[in-house]
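Here the structure comes first, spelled out in structure tokens, and everything after it is commentary.
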Amino acid sequence: MSFSVFFPQLLVMALVTYLIRMLPLVLMRHTIRNRFVRSFLYYVPYAVLTAMVVPDILYSTGYVPGGDVRPLVCAIAGMLVATGVAWKGKGLLTVAVAACLGVALAQALFLLV
Amino acid sequence: MQSDFRRGLKAGLPIGLGYLSVSFAFGIQAMALGLTPLEAVLISMTNLTSAGQLAGITLMAGGAPLLEMALTQLTINLRYALMSLSLSQKMGEDMGTGRRMIFAFGNTDEIFAVASMEKGNIRFSYALGLMVLPYIGWSGGTLLGAVAGSLLPAFLRSALGIAIYGMFMAVVLPVARRERAVCMVTVLAALLSVALRYLPFVSGLSGGYRMILCAVGASAAGAALWPVEEAKRE
């Protein structure tokens, strides 16, 4: 790809992404008093993060629908381990590493059987 | 007491490590689509978003018109507007326009998640510390994936793929356990997400739209059914 093709694409991509993030943060300067809106914004992070995990986590280890199911089993193993560790209130890094170990453990078991 | 900046750095460490593995995959993908390592790294350094970048390089490779690029990015990344709006309610007094403009650049899904959990308002030095390691991890991982992606064994790559999701669960689950309303919103968002993903007619929706529908639907239901008392937001 020549740079004269790449650069305008890069510029548009970066600019659009940045403006989406920047405008609400810069323009919204007052505290929202409306109880509904406040509650709504309070729940947004949890809803966003949940929507990102479910069901995408099942495909995070390379499972393709209709293909080999072993990656899916590994992903479920990692998810269960992460659920247990997160439920206990462990930190972000601990849970992330535990999830990876869960996947690795399932992979190792598959090598044995 | 630790300085705000150092506290931010510490909170950003797991994000940076998670990004290292995710952007590694992005670097590999960019090479596969015919970009150079320099181009891949430039994209990561200026965009800092996984889904948007992945769609972006696919469009680039196909020689899409600039308007299509703009609309695609707008769709996929519109969720950030919601997150920025949410964070606008937690800006400390030291957050003037210039500082908000700097922090906005780093408002990724993960940084947003951690910043939302900050008790009280977000101070600029904390926000800055929070952004540093994820930025390095994201750019550095892209470079590594682009130049050395094929060297990493497949089993290791697939085990790393789940890291970022584990992090999200670590944010949501403890609060869902403590607060029944958050638990209900979480369950609702999960059900909505699964429905939008697999049901006929709606399953063709892009990931960006799906996330917006889930976030708006579940949060609005939560706000209507279980309004949050003033004290909890402070």
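Rounded to the nearest 20 debye, the dipole magnitude of chain B is 420 debye, with +1 charges on Lys and Arg beta carbons, -1 on Asp and Glu beta carbons, and the Cα centre as origin. Stokes-Einstein, applied to the Kirkwood radius of chain A over Cα pairs at a viscosity of 1.567 mPa s and 4 °C, places its translational diffusion at 72 µm² s⁻¹. Between residue A:59 and residue B:224, the simple label model (points 7 Å from Cα in the Cβ direction) yields a spacing of 3.0 nm. Counts of other chain beta carbons within 10 angstrom of each beta carbon in peptide A:28-41 average 6. Taking label positions 7 Å along the Cα-Cβ direction at both residue B:195 and residue A:19, the computed distance is 3.4 nm, reported to one decimal. Summing Cβ point charges (Lys, Arg +1; Asp, Glu -1) relative to the Cα centre of the protein assembly as shown gives a dipole of roughly 820 debye. Annotation: amide H of residue B:91 within the under-5 Å range of B:122, sequence separation 5 or more or interchain, hydrogens built in the peptide plane.
Taking the Cα centre of the stretch B:30-129 as origin, sum charge times position over the Cβ atoms of Lys and Arg (+1) and Asp and Glu (-1), and report the length of that vector in debye to the nearest 20.
Roughly 240 debye, rounded to the nearest 20.
Specify which residue in the list A:26, A:59, A:10 is farthest towards the positive end of the charge dipole of chain A, using unit charges on the beta carbon of Lys, Arg (+1) and Asp, Glu (-1), about the Cα centre. Result: A:26, furthest along the dipole toward the positive end. Across the stretch B:79-225, the mean sequence separation of Cα contacts (distance under 8 Å, 6 or more residues apart), normalised by length, yields a relative contact order of 20 percent.
Once the Cα atoms of helix B:207-225 and of chain B are each reduced to a long axis, what angle between those two axes, in degrees from 0 to 90 to the nearest 10, is obtained? Between helix and principal axis, roughly 10 degrees.
The relative contact order of the stretch B:4-172 comes to 50 percent, based on Cα pairs under 8 Å that sit 6 or more residues apart. Just report the Cα centroid separation between the stretch B:169-199 and the stretch A:8-45, whole Å. Here the answer is 22 Å between Cα centres. Here, the stretch B:179-234 has an Rg and a Dmax of 13.0, 42 Å when only alpha carbons are counted. Taking every residue in B:133-145 and counting other chain Cβ atoms within 10 Å of its Cβ, the average works out to 0.
Note on chain B: with a GNM built from Cα contacts shorter than 10 Å, the maximum mean-square fluctuation among B:87, B:144, B:191 falls on B:191. Relative protection proxy for A:13-19, A:54-60, A:26-32, from highest mean packing down: A:13-19, A:54-60, A:26-32 (other beta-carbon atoms within 10 angstrom).
Under the shape rule built on the C-alpha gyration tensor, where the axes satisfy a ≥ b ≥ c, the protein assembly as shown is rounded, since a/c falls short of 1.5. For a test of the definition: using alpha carbon positions, the gyration tensor, and the 1.5 limit on a/c, classify the stretch A:46-112 as rounded, prolate or oblate. Since a/c reaches 1.5 but b/c is at least a/b, the shape of the stretch A:46-112 is classed as oblate.
The mean number of Cβ atoms from other chains found within 10 Å of a Cβ in peptide B:17-30 is 1, as a whole number.
Quick note: the coordinates plus some simple rules give every number you see, no bench work behind them. The shown structure was predicted, so the numbers you read here are calculated from the model rather than taken from an experiment. We place every Cβ from the backbone using ideal geometry, glycine too, and count neighbours over all the protein chains shown.
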